[in-house]
Each structure stands twice: as structure tokens, then as C-alpha cells.
1. Determine, for each peptide in 209-215, 483-489, 377-383, the mean count of other beta carbons within 10 angstrom over its residues, then list the peptides with the highest first.
2. Please list, ordered by chain and number, the residues whose modelled amide H lies under 5 Å from the amide H of Gly147; skip anything fewer than 5 residues away on the same chain.
3. Under the definition of Cα pairs under 8 Å and six or more residues apart, what whole-number percent is the relative contact order of region 32-265?
4. Which one of Pro134, Gly177, Leu189 is farthest out on the positive end of the charge dipole of region 131-199, using unit charges on Cβ (Lys, Arg +1; Asp, Glu -1) and the Cα centre as origin?
5. Sort 56-69, 177-190, 390-403 by the packing proxy (mean of other Cβ within 10 Å over each peptide's residues), most packed first.
6. Based on the mean of other beta carbon atoms within 10 Å per residue, what is the order of 333-339, 275-281, 40-46, most packed first?
7. Taking the alpha-carbon centroid of each part, what is the distance from region 339-375 to region 228-282 in angstrom?
8. Between Gln465 and Asn344, what is the label-point separation in nm under the 7 Å Cα-to-beta-carbon projection?
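No lab work stands behind these numbers, since they all come straight from the coordinates. Nothing here was measured: the structure is a model prediction, and the numbers come from that model. Because the Cβ atoms are built from the backbone with ideal geometry, glycine has one as well, and the counts that use them run over all protein chains shown.
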Amino acid sequence: MFDFLKRNRLVKRGLSSGKSRRRRTRNEFLQALESSAWTRALIFVAFIAGLAALIFSGQQPEPTKNFVIALLFFVTAVTQLWINQPHTFRSSSRVLLVFGIIFIQLAVTKLVLTVASAGTVTFVRPETGALIVPYAFAPLVLSVLLGRTHGLFAAVFGSLWGSVLFGRIDAPLLVIGLISGFTAVAFTLQVRKRSRLVRAGAGVGVAIWLLALTFGLIGPFDLFTPAANNWKMIGMQSAFALINGIVTATIIGGILPILEHLFQITTDISWLEASDLNHPLLRRMTIEAPGTYHHSLVVANLAEAAAESIGANATLCRVCSYFHDIGKLVKPEYFTENMNFERNPHDDLAPTMSALIIIAHVKEGVDLALKHKLNQRIIDIIQEHHGTSLVYYFYKRALQQHQDARAGGKIMNLREEDVPEVAEENFRYSGPKPQTKESAIVSLADMIESASRSLEKPTPQKIEQLVNDLIAQRIADKQLDECDLTLADVTKIAERFRFTLTTMLHTRIAYPKADTKPTVLRDEPLRPDVMAANKKPASAPPVSAA
């Protein structure tokens, strides 16, 4: 309240702007739920209750025994998730996504097979029920949203739980679920187009068809049934098996955007959609800050190549590189790549003010990103791509001015304490440091691309020295301490930077200049006036010395 009144007084006096910078609002309640162990416990209890409802419903022998087996599978699943995927285990929303999707598959499996055994629906008959179960639903969804390991997790445990829903261990159901789930994961290792989902569904359909033939779920022939009816039934069963995966993949393609929005997950498909260079901010950059726009494109190429070399998310790196410097749109003329050749605006400013303008482009970038509702990962990388690094040029300039002031102060008989000291923290970005591999890669690519512009007559040796020195400086400055890059990763990134820069900054052959003298085509007759004009005058006779 008092801050608001104080701000109003400053605005009236012209000492403050009436505008306030946008800030990311964080819901403390939702954050507490996200990290709460009690929330995860509640999700686990709800999943166990759902399993009990599925197992004890209907008429099947020994449901209690099967429920105990399902509980043992559950303990194994939770332990495996805790050991192999600690990040997912600590996130309540991810736990809800994993077990919720698996439960949906189990519920649909129970419903389909129950209706098939009852025979109340025309096309869902006992001979076709096992062929239309969505075996690959959970593996496909989790593989695309969370990665291959989560897809394999869903394939294994979804099949195990599905095999005990009907009072006995159903071996064909277990094997078909496992292999179709593994097939789905194999086809979705890198989904960058929605058509890849349909291809994965087709692969799952072929796998289900082959396994159904193996287990005798298609056919067999009945000696007392006409052959035409046998072939008709086999054709219908084969069609159900082959279409099963395609229909499942099509449904998943429709619900993926909803799941991405609900659980704040961005797939490679969405990252590719976000990489459209016609975004309003990027179009503004082409006009108002063309140097920054070109710099961002080169950083995107460097970051994508480096991310691919270490298995990071290359598409994310490319998209975030496009937007990492959008804050320069506020004062584009104060950045080297956008300056004209007439004047440098920093010549009229103190080093502290110049550093303040340079550092502010991070906060301005976050402000623009929030205004245009960019992805949260983009906002994080905008904040982190400089970490807490030093604006070295203006810091050295400030130190030089400080030394000059002290030397002048001795002449003017001023005390040393009257000359203010240069504080290094005033020339450092506010951070935070890069928190992920992708953020660190974009940070390194941004630094190296900027520095490579200062190379005169670049050679592979100069580029290698530049890359090694700059990365060593970042490591010595502890800018990579909070991300999970290893030394092996850094070595691969440096190698890919060297290769990409060498190909970008290669020299061209100096072509000879074209002859600009007018030439006359010999096959065209010249007019008499042209011939007279081109005729050289006869040389004058030599003047006699006498």
C-alpha cells in the first residue's frame, strides 16, 4: 500500500514511469500440491481403489488373489518409478498423468472385453473383442509426452495389470500388450510430425495382427461352417486387428493438445509449430533489429547441432534461440549488431549506464514473452541465457575510468575515498544460471556466435582456440554449475561448435574483376559515323630539332 502511494508521488513528479514490468505469477498453493508427498499418496490410493473396482467387478474366480497380485505389481511399479525416474516421481502432476493414462487403458480394456463376452453389441463379439482392445494407448501417450522410458513403463505394467483383470493370468493378452506397447515406443522415439503417430499406429496394428494369428485369435476354421463364412470372419478379424492401432493413434493425436495444456508439457510437435518465423515478435525483429534477428538464426543453428550431439532436445533449443534476445527490441540501437556506422550511442554514456541498458534486455525479454504468452521454457531460457555473467567490456572500461579518476585526483589533491569504487556486481546479469542442458547450450551458443564476429580472417585453428577459451571462461566463472551437463557433454558441444563455425565462417575464392570496357560484336557491321568516331587520329610527325 505504502509502496503504491510512494510510486504515485514519484510518477506525478516525473521521476518514475507509470508502467510496471510484467512478472510471472506463481500460485503457491499449486506449487505446494505439485511437490507434496501427500498429494502423490492420494493419487496412489485412488489408483489402487480403481484397480480394485475393475478386478472385483463382474463374475470371475478368485478376485482377491488377483487383487493381491495387482498390488504387488503396483509396489514394483512405484519402486521402479522412484529409482529410474526420480524427477517424475517428485512431481504430482506427472504421477497423475502416468497412472491416470494407464488406468484409462485398463478401464477401456475391461469394458471392451466384458461387452464382447456378453455379445450385446453387433461388432464387439467374443471372436473380435481381444482384437479391438487399445493395447498401445498408454505407451503411445506417455512416450510422446514424457519420453521412451515412460512409454516402456506403461507397456510393461499396463500389460501386467491388464492380464489379471479377469480372474486369471491371460497370457495372450499379456504378450500382445507387451509387444504392441514396445512397437509403439519404437515408432515414437522422435515424433516431430503428427503423421508419425499414424505410422506408429499402423506398426502397432501389424504387430497385433501377427500376434493374433500366432495365438489363434484369428480363425480357426470350423469344419461345420461354410468356407465363405470362415473367410468373411477372418477378413473381419484381420481388419479389426490392423485398424486397432491406427484408430488408437488418431484418437491420441486429437487429445494430445489437451493433455499438453493440462499438464504443462510441450512435445516436439508443438515446438515445431512454435518455430514459425512469422511470429509477431520475430517479424518485428526483422525490421527493428535485423542484426539481432540474424544473430538469433545463427545461434539456433549452433544450439540445435550441439543439442543433437549430446541427445538433448534439439527442437527446443532451436525455438528458444529464436526468442532469446527479443528484449533487444526495446533499445535495439544500443547493441553492436544493430548499430550504424555513424555513431556509437555508448560513447555518450557512463559505463554503468551502458551496462544497465545491456543487462536490461533480459528483463525486457521476459516482459515481451509474458505479453505474447510464449511457452514457459522459452521464458526460462530468456532469463538464464546470460546467467550471472559479467558485462566484461563495460566493466573494464569502468575500471579504466576509475584509474584515470584516481590519477587525476592526485593532481587535484583529492582523497582516494572521494573516488567511488567500481562494484563488479553492478556489471553482472541478475541470473539465474542455466538450469537445464538446453538452457546451457543456448547460453554457450549465444556467447560463441557473438565472439566469432570479432575474428579477423578466421581459420580452423583460431575458431578452435576461441571456442575452447570461451567455454573454459564460463566454467571458471561457475556459470554451468547448476545444469546437468557433464564434461563429456561439454567436449561434444565444443566439437560441434567448432565444426559448425568452421563451415559458416569459411573464406571464398577471390574472383577476378570483370572487364568493364565496352566490347564490339564483330559480326555486326558498324555504321560510318561510328567508324569515324572510333578512328584514331594519325600521329603527328616528329618536330625537327633544328
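1. Packing proxy ranking, top to bottom: 377-383, 209-215, 483-489.
2. none
3. Contact order relative to length: 19 percent.
4. The Cα lying farthest towards the positive end belongs to Leu189.
5. With the highest mean Cβ count within 10 Å placed first, the list reads 177-190, 390-403, 56-69.
6. The densest-packed peptide leads the list: 333-339, 40-46, 275-281.
7. If you average the Cα positions of each part, the centres end up 43 Å apart.
8. Label at Asn344, label at Gln465, 2.3 nm between them.
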